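Beneath this line is the structure, given in structure tokens, with notes to follow.
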Amino acid sequence: MNQDFLLLTSIAVLAGGMVLAAAGQPRSVLDFTMKSIDGQETPLRQFAGKVLLLVNTASKCGLTPQYKALEEVYRRFQGQGLLILGFPANNFLGQEPGTNEEIKEFCLINYGVSFPMFAKISVRGKDIHPLYRFLVEKETNPRFAGKIAWNFTKFLVDRQGEVIARFEPRTVPDDPAVIAAIEKALQEK
């Protein structure tokens, strides 16, 4: 390829990024505002400086017992700056049919969940929430894009809001690979 073409391509890519930024398009996970499970608007920007583990959850799934390990991991690393954010979703065989109130009660009574939970959203399909669209599309998350396969997909986000790892549903929260990735992210300031 000739150098003029490469230069023009680089300028176009840069300009495209500037247009996205100028148009107010999200550039990181921290650019989203989500409704808490109690209905409060929660700007994820308030979590800047924290390491985040975003998880789409469900109460009636074979993987639901992962709530226990999520809570244990949260308690283990919370003091070092980890936040787990739970996003209930009813996208897979109706495994999260409850209301936000029912989900909150279920999580507290059965698993002692103390990490932040958010209002039920869609993580797949035509009604996918913009946060999850950002997480699964190649244009916005090129390293870890791809449809959500099932409940309990996990995205690890660094202190600046960049997605740095993805773990599929059957990878449990306390899997050595997940713990190593969390520990590494927590070491970086």
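Filter region 26-65 for residues that are touching a Cys at 6+ places or on another chain (Cβ under 9 Å) and part of a loop (DSSP other than H, G, I, E, B) and give the result.
Quick first cut of region 26-65, residues touching a Cys at 6+ places or on another chain (Cβ under 9 Å) only: 37, 57, 59.
If the condition is that a residue be touching a Cys at 6+ places or on another chain (Cβ under 9 Å) and part of a loop (DSSP other than H, G, I, E, B), then ILE37, SER59 are the ones that fit.
Quick one: would you say THR33 is surrounded by 14 or more Cβ atoms within 10 Å (Cβ to Cβ) and at pLDDT 95 or above? Lay out the reasoning, then the answer.
Numbers: surrounded by 14 or more Cβ atoms within 10 Å (Cβ to Cβ): no; at pLDDT 95 or above: yes.
No, not satisfied.
From the list LEU44, LEU14, LEU7, which one is closer than 24 Å to LYS189 by Cβ and either at pLDDT below 95 or surrounded by 12 or more Cβ atoms within 10 Å (Cβ to Cβ) (or both)?
On the way: LEU14 fails: closer than 24 Å to LYS189 by Cβ; LEU7 fails: closer than 24 Å to LYS189 by Cβ.
After ruling out the rest, the residue left standing is LEU44.
Given LEU20, LEU82, which one is surrounded by 20 or more Cβ atoms within 10 Å (Cβ to Cβ) and either modelled with pLDDT under 95 or hydrophobic (A, V, I, L, M, F, W, C) (or both)? Don't jump to the end; show me each part of the working.
Details: LEU20 fails: surrounded by 20 or more Cβ atoms within 10 Å (Cβ to Cβ).
Residue meeting the stated conditions: LEU82.
Name the residues in region 54-72 that are among the aliphatic types (A, V, I, L, M) and touching a Phe, Trp or Tyr at 6+ places or on another chain (Cβ under 9 Å), would you? I'd like the intermediate steps shown before the answer.
Within region 54-72, the first condition is being among the aliphatic types (A, V, I, L, M), and the residues that meet it are 54-55, 58, 63, 69-70.
Of everything in region 54-72, those that are among the aliphatic types (A, V, I, L, M) and touching a Phe, Trp or Tyr at 6+ places or on another chain (Cβ under 9 Å) turn out to be LEU54, VAL55, ALA58, LEU63, LEU70.
Evaluate region 129-145: report whether one residue or more is in contact (Cβ under 8 Å) with a residue 60 or more places away in the chain, under 20 Å from GLN66 (Cβ atoms) and of a type in the set (Ser, Thr, Tyr).
Yes: one or more hits.
Could you list all residues from region 95-107 that are assigned to a loop (DSSP other than H, G, I, E, B) and without any contact (Cβ under 8 Å) to a residue 24 or more places away in the chain? Full working, then the answer.
Quick first cut of region 95-107, residues assigned to a loop (DSSP other than H, G, I, E, B) only: 95-99.
Scanning region 95-107 gives a single hit, THR99.
Which one is surrounded by the most Cβ atoms within 10 Å (Cβ to Cβ) among residues in region 108-148 that are touching a strand residue (DSSP E or B) at 6+ places or on another chain (Cβ under 6 Å) and outside any loop (DSSP other than H, G, I, E, B)?
In this case the residue turns out to be LEU135.
Considering only residues of region 169-183 that are in contact (Cβ under 8 Å) with a residue 24 or more places away in the chain and in a loop (DSSP other than H, G, I, E, B), which is farthest from LEU52 (Cα to Cα)?
ARG170
Keeping to region 151-168, report how many residues are assigned to a loop (DSSP other than H, G, I, E, B), crowded, with 20+ Cβ neighbours inside 10 Å and not small (Gly, Ala, Ser).
Residues of region 151-168 assigned to a loop (DSSP other than H, G, I, E, B): 151-153, 158-162, 168.
Pick out the ones that are also crowded, with 20+ Cβ neighbours inside 10 Å and you get 151-153, 161.
If we keep only those that are not small (Gly, Ala, Ser) as well, we get 151-153.
Matching residues across region 151-168 total 3.
The values are calculated or read from the model by the stated rules, or taken from the named source; none is laboratory data. Every value quoted in this text rests on a predicted model; they were computed, and no experiment measured them. Counting neighbours? That spans all protein chains shown, and the Cβs are built from the backbone with ideal geometry, glycine included.
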